[in-house]
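The values are calculated or read from the model by the stated rules, or taken from the named source; none is laboratory data. All figures in this text were calculated on a predicted structure; none of them were measured in a lab. Cβ atoms come from the backbone with ideal geometry, glycine included; neighbour counts cover every protein chain shown. Each accessible area value is taken on the protein alone, full model and side chains, heavy atoms only, with ligands, DNA and RNA left out. Shrake-Rupley method; radii C 1.70, N 1.55, O 1.52, S 1.80 Å.
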Amino acid sequence: PATGETPLSTWEYELSAQTPPPHPERPDFAPWNGMFREAPESISTRVTLLSFAYLVTGERKYAEAARSMVMSLVNWERWTDASYAGGQHQAGMDTGLATKSVAIFYDWCQQTLSDADRAAISQALIDKGIVPIIAELERCMPGTEVYAALVTGLVCGAIALRPEEPRAGQWLAQGIDALGQALDESGADGGVFAGPRLG
């Protein structure tokens, strides 16, 4: 902090069934994004890699480790940081990335799940991922990294749910249309608004 400013409190969270706490001192910053970004320590990276390890090896210990993390997310009230931007957004980058990783787990590890787990995860994908994402896409700028994360979550969620959810085909079509809109926003050289890595 600058001279004379009060230091901000430390924002900490350990993955559990409890929704992460708010951070009212910094409404312009979304720490939840850090929990899901592409980094070795993130929830999304761990869930995806554990799911892939199960897919390749068939060893249930990997699916069980991923399931433990996913079931924590299923119990959260929402998959977006309600304190970011004063709660104006129904979904953000965190929602898109969380939805993508939960959808990947659900698709790749579904045969390891009980009926109750499948029902809880599919409902969470809809209520905490897909529905808020669709609502937010209408007000989000297509050329941004947030838009890209939202579209990715929508498409992955729809694909994972398609065999059992009648609305999934429509959601997938919406995601494909949104993806086309985002790509149309790219420069003539294929460059994206926020740079190659984020885009």
Verdict on Thr95 being among the β-branched types (Val, Ile, Thr) and in contact with a Leu (Cβ under 9 Å, 6 or more places away or on another chain): yes
Residue among Gly86, Gly191 that alone is modelled with pLDDT under 95, surrounded by fewer than 17 Cβ atoms within 10 Å (Cβ to Cβ), of a type outside the set (S, T, N, Q) and part of a helix (DSSP H, G or I): Gly86
Yes/no for Leu150 being farther than 21 Å from Pro21 by Cβ and in contact with a Cys (Cβ under 7 Å, 6 or more places away or on another chain): yes
The stretch 72-83, residues that are assigned to a helix (DSSP H, G or I) and open to solvent by 30 Å² or more (accessible area, probe 1.4 Å): Asn75
Members of the stretch 89-102 found to be open to solvent by 20 Å² or more (accessible area, probe 1.4 Å) and in a helix (DSSP H, G or I), listed by number: Met93, Leu97, Lys100
Residue within the stretch 37-60 that is of a type outside the set (Val, Ile, Thr), assigned to a loop (DSSP other than H, G, I, E, B) and over 17 Å from the mean Cα position of the chain (by Cα) present: yes
Single unsatisfied condition, Phe105 versus (1) open to solvent by less than 20 Å² (accessible area, probe 1.4 Å); (2) assigned to a helix (DSSP H, G or I); (3) touching a Phe, Trp or Tyr at 6+ places or on another chain (Cβ under 7 Å): (3)
